[in-house]
Structure formats: C-alpha cells, structure tokens
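The structure appears below as structure tokens.
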Amino acid sequence: MHILSITYVLALVAGALAVPSQLDTRQQPFKSTAITEHAEPWAFAFLPDNRILVTERRGNLRVVDPATKSKNTITGVPAVAYGGQGGLHDVALHPKYAENSIVYISYAESGSGGAGGAVARAKLTLTASGGALSGLEVIWRHSQRASGGLQFACRLLFGPDGALWISSGEINQMTPSQSMTGNLGKMIKLYDNGTAFAGNPFASQGAVQAQIWSLGHRNPLGIDWDAQGRLWEVEMGPMGGDELNLIEPGANYGWPLVSQGKHYDGRTIPAHSTRPEFAPPKAFWVPVISPAGLIIYKGSLFSSWKGNAIITGLSSQSIVRVTITGDTAKEAQRISMGKRMRGIREDKDGAIWVIEDGNNGRLLKLTPN
C-alpha cells in the first residue's frame, strides 16, 4: 500500500481525521452578493456605521460602503514587508471603538535578519472620502525575523474580558514554536496596550513568557470564541495535517515535534498519538484544506449552523463547515466556492461575509437562499 494510503487508514482508525465530505456540487446553501473587488485582500472588520475596513496585502487599507459598493483609502498605514505571504494582514476594532476610534492592524515588517510580524494601534478618523490613521504605535513584535516571507499569521481578536489575542506564526522556522524564550508559534494574550495579560500561564517565567497562552503552533490563521467562551483555532499543517484546535491555557500543541502531516521533502513527522503530552487537534485534514480564516457561527440566519466552525480554505477553494459537540469536532460539509477563500466574519445580523484571496478578490455577503 502507498505510504500516504497507510497514513490515511491509520488516521481513520485513530478517529481524529476530519474526513473530507464530497465537494458540494449542488446549489450553494446561500445567496452570494459581491460588494467590492480588492487587490490581494487579507481581512476585514465591520465599523459601527456599517462601513467595512478591508486590508490589502501590499499595504492598502480600504473603507467600503456596502450600500453604495464604493471603496476609499485610509492613509497613514505603516510600510509593510510585502512578499511571500507577508504584507498588511489583519484589522480589528478596539472593544470601545465607539468611544476612542482606535483600530489595530497586524503586518509583516522588515528589519535585521529579514521580516517579522508586528501589531500596531492607531486612531482612525473617517471622512466621506476615506480617512486616516494617526498616532500609530507598535505594541507587539515577533521576537525574531527571518527571510522567506512565510507563516506570519497574526490574526487579531478581542476576548470577552477585553484582552487582545494574537495568533503568532513561526515564520517557517519551526523550532521557535517550542522555545519559551521567544513568541513565535504561540497564542498571545495581551492588554489593549500590548502588555502581558495578568494571570497568563507562564507569567512568572519572564517578560516574553508572560505574553504566552499556548505554544507549539505552526501557522495559526483563524481564531474565534464559541458561545461558551472557549477559544478555537485553525492552523496550516505542513504537507497534510491542517488542524482545528481547542485552545487551553498552557497547552503545547506539538509543532514541529508532532503533526498529522509530513515535511515537504517527504520526511515523516511523529503523529500526535506518539506523544500524549502534546494536545492533539480536535479535527485535522489529510489532504489539506489550507485554512485561512475561522468563525464559530453564533447567529440565527443560518439556524442549523449555530455553534459550527466555519472555515475558509485556500487550496481547497471552499468553505468548510465543522460541527462541534462538546470538545469533539467533525467536518459536516464542504462548499465549493471556485476561488481561494481568505477572510471570514459574521455581522450583527448573522450574515456571513467572506473575502477571496488574490488579485480581484471579491468581498462577498452570504445570506440564506
């Protein structure tokens, strides 16, 4: 039997593989409305006035009016290290944005040794024709840089307690994911000003360690809360082994010591089952789906999806729906979109918004048929 087939069978026996369902070639279970097109969009965030901030990887921040399908430019974005997977990445609003107008952006920045991820905050002043960032302050950086421009991640999410979460990629360096002397390959929990959140699991070990909530991550590109206040995360594996994880304080998720995939040169990696001290994924994918974004759906428009993980896939060109029961997860549906899918958000009315990857990537609003 082919080696990959053996791996696949063993994974089925282990019971953790999110077996890809047949690509849904029937009518999509939603109406898709195109709003705007963008050059290499990465992420977006809803403003209180119903406009939408959209990041483009070359370093452009746009403001979109869905009512008129117009887009304008926000000035004051810092220089980004565009190349590979790097550029301008995520955008998030401060929990008290209505009072302070503060937004957060993550991006790749150049420096000694290559590029690393950074997170900054700034005041956003909106106008009828766009807007501007002012008073920009970098509040967090990767503790090292590397050439190659890979696996920055840097998704941003505010928690119910007001904490800022950053999903820190390992910029293709692997071993830093297991090192407690740096913040690569970690889930980071901070106050809104960038200082380490009190009560983090490694707070007593030093300034860098105090930022860390969990470790052993590769390229964590999606994070969201469920209705119970639990944090879920999706990350890209190597050749196989994309993961959906339930994030626990102080847990080690094993990369690069364990994985359900292989190295790109064909070298094997021990499976999670060989090292029980590492937290295994709740679902994983062989072959990969290339997860790029995640929401745990909380609305009522798609009533049967409530509590499900909805994942955007790049190489799979799909939206993947995963049911969550307790602390178990299983793929339930894969909806073909015909394009590489990047960002995903849920609006206040329960509509799902997604954005396509690459040139001419469309911002789409999904509502039930």
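The values are calculated or read from the model by the stated rules, or taken from the named source; none is laboratory data. Predicted model, so just to flag it, every value in this text is computed and none were measured. Quick reminder, even Gly has a Cβ in these numbers, built from the backbone with ideal geometry, and neighbours come from all protein chains shown. These accessible areas exclude ligands, DNA and RNA; they are computed on the full protein's heavy atoms, side chains included. Shrake-Rupley method; radii C 1.70, N 1.55, O 1.52, S 1.80 Å.
If you check Ile311 against the conditions, is it under 23 Å from Asn252 (Cα atoms), of a type outside the set (Lys, Arg), in contact with a strand residue (DSSP E or B) (Cβ under 7 Å, 6 or more places away or on another chain) and modelled with pLDDT of 95 or more? So Ile311 passes the test.
Does any residue of segment 78-88 turn out to be at pLDDT below 95 and under 30 Å from Phe284 (Cα atoms)?
As a first pass, look at segment 78-88 and keep what is at pLDDT below 95: none.
No, every residue in segment 78-88 fails to be at pLDDT below 95 and under 30 Å from Phe284 (Cα atoms).
Could you list all residues from segment 290-307 that are surrounded by 20 or more Cβ atoms within 10 Å (Cβ to Cβ) and either part of a loop (DSSP other than H, G, I, E, B) or at pLDDT below 95 (or both)? Break it down into steps so the answer makes sense when it comes.
Kept after step one, since they are surrounded by 20 or more Cβ atoms within 10 Å (Cβ to Cβ), are these residues of segment 290-307: 290-297, 302, 305.
Passing the criteria: Ser290, Tyr297, Phe302.
If you take the residues of segment 331-341 that are part of a strand (DSSP E or B) and in contact with a Lys or Arg (Cβ under 9 Å, 6 or more places away or on another chain), which of them is most open to solvent (accessible area, probe 1.4 Å)? Step by step, filter segment 331-341, then rank; the result is Ala332.
Scan segment 197-207 for residues that are open to solvent by 40 Å² or more (accessible area, probe 1.4 Å) and assigned to a loop (DSSP other than H, G, I, E, B) and the total you get is 4. Considering only residues in segment 321-330 that are part of a strand (DSSP E or B) and open to solvent by less than 60 Å² (accessible area, probe 1.4 Å), the one that is farthest from Asp49 (Cα to Cα) turns out to be Ala329.
Residue-by-condition table, conditions (1) without any contact (Cβ under 8 Å) to a residue 24 or more places away in the chain; (2) of a type in the set (A, V, I, L, M); (3) at negative phi:
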{"residue": "Ser304", "(1), (2), (3)": "yes, no, yes"}
{"residue": "Ile310", "(1), (2), (3)": "no, yes, yes"}
{"residue": "Gly313", "(1), (2), (3)": "no, no, yes"}
{"residue": "Gly343", "(1), (2), (3)": "no, no, yes"}
{"residue": "Val354", "(1), (2), (3)": "no, yes, yes"}
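Just the residues that are closer than 29 Å to Lys306 by Cβ and charged (D, E, K, R), please, taken from segment 198-227.
Step one: list which residues in segment 198-227 are closer than 29 Å to Lys306 by Cβ, which gives 213-214, 217, 219-227.
If the condition is that a residue be closer than 29 Å to Lys306 by Cβ and charged (D, E, K, R), then Asp224, Asp226 are the ones that fit.
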